[in-house]
Amino acid sequence: MDEDITLHPEKNSEEVLERQHEEISLTHDAETDGEQQMQMQSAVGVKCPHCGTINDPEAVYCASCGQPIGKMACPNCGAELDPDADFCESCRRYVRMDVCSFCGAGLSSNDAFCPECGSPRGGIVCPVCHTLNDFSFCKQCGTALTEEARQLLERVHEMPEFKELQRLATGLQQLEQSIPYSSERDLLKDQRNIKLRERVLTLLAEDRGIAHPVIPDAENKRLSKEEYDAKKKERLEQIAAILDKLVQAPQPKPAQVRNYAMACRPQGVRLAWECNFKHALHSSPCGCAKPQLGGKWVILGKDVRKEIKDDL
């Protein structure tokens, strides 16, 4: 007959402590085994955070799913870069030697020119401002530098959205060149100038034998400060609405995003490129490390608090 352990509480206590000690030992052994396993895995390879595959320690991309699995260093300045970045924002150099920066085609180590677009590996000097460029559009003045870029520019400029965008931008530039009047004295002076203009044009017409000449109104009517501000605000809102429609969605190749964005840039308005990578402002997508994530042009003005990340 088994002994009743309730009659010997000290023995019961010893058995409980012994069982607890065994459980702690087992837990500790399991944790130790897990740590050792992780150390062994890290010694032989790097685990992909996306699919769990163990890759070589030097691997930058997962051999199974192709996703980036770590950081890399810029070959020019040593700054830390994401594996899928093709441009270093620290030294402002293109870093992918296996991909053409102008069209996105693959390159071999022996290729001095891209087999797809024919662009030189060392870059192209802009014929307008003489800036050396790694991309299809000049980062300084926006000139198309390759035949592919020129064809893309022609196609984009035929788009109804771009035509309206450029019309508004040109109108804004003309508006900003005018000087609004801000006082009653300015208004009276402007009225006297209008009458003087009409008088001079009338005398010139009469000298040519025109008895009752019709004098056309001045094309650039001077606005009050309130009218000027209201018209400028309306024009900026219209431009911003079209820029939102032309937002660049993510694309597999960074070159595709850079080229299309540069082709969509209108003349006559101060813009910056807001990237989806860090939501930073750049002078253009040429200064972004990962433009393949997309982005858009935004209007620069006194209400913009962010600073442009790269000054060309």
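The values are calculated or read from the model by the stated rules, or taken from the named source; none is laboratory data. Everything numeric in this text was worked out from a predicted model, so none of it was measured. Here the Cβ positions follow ideal geometry from the backbone for every residue, glycine too, while neighbour counts run over all protein chains shown. Heavy atoms of the whole protein, side chains included, go into the accessibility calculation; ligands, DNA and RNA do not. Shrake-Rupley method; radii C 1.70, N 1.55, O 1.52, S 1.80 Å.
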Query raised in the report: Cα-Cα pairs above 15 Å in segment 198-278: how many percent?
Result: 73
**Report entry** Greater than 20 Å apart at Cα, pairs in Lys163/Lys225; Lys233/Lys278; Lys253/Lys296; Lys71/Lys278; Lys232/Lys278
**Finding:** Lys163/Lys225; Lys233/Lys278; Lys232/Lys278
**Report entry** segment 86-165: GluC sites (Glu not before Pro) in DSSP coil with no more than 10 other Cβ atoms inside 10 Å
**Finding:** Glu158
Query raised in the report: Say the dipole of segment 70-204 comes from +1 at the beta carbon of Lys and Arg and -1 at that of Asp and Glu; which of Gly104, Asn193, Leu172 then lies farthest toward its positive end?
Result: Asn193
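How large is the convex hull of the C-alpha atoms of segment 111-199 per residue, in Å³? Please report the intermediate quantities before stating the final value.
Working: hull volume 14.9 nm³, N = 89.
Expressed per residue, the convex hull around the Cα atoms of segment 111-199 is 167 Å³.
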Requested in this report: Return the carbon/sulfur percentage of the accessible area of segment 102-238, one whole number, probe 1.4 Å, all protein chains in place.
Outcome: 51
Query - Difference of contour (0.36 nm per residue) and Cα-Cα distance, Arg92 to Asp229 - result: 45.5 nm
Requested in this report: Using a 1.4 angstrom probe, figure out how much accessible area segment 155-204 has per residue, in square angstrom, rounded to the nearest whole.
Outcome: 74
Query raised in the report: Taking Cα pairs under 8 Å and at least six residues apart, what relative contact order does segment 51-198 come out at, in percent?
Result: 8
Report summary line: With every protein chain in place, the accessible area of His130 for a 1.4 Å probe, in Å² rounded to the nearest 10, comes to 140
Requested in this report: Please label the shape of segment 50-137 as rounded, prolate or oblate, based on the square roots a ≥ b ≥ c of the eigenvalues of the alpha-carbon gyration tensor (a/c under 1.5 means rounded; beyond that, a/b larger than b/c means prolate, else oblate).
Outcome: prolate
Report task. Can you bin segment 111-163 into rounded, prolate or oblate? Criterion: square roots of the alpha carbon gyration tensor eigenvalues sorted a ≥ b ≥ c, rounded for a/c under 1.5, prolate for a/b above b/c, oblate for the rest. Result -> oblate
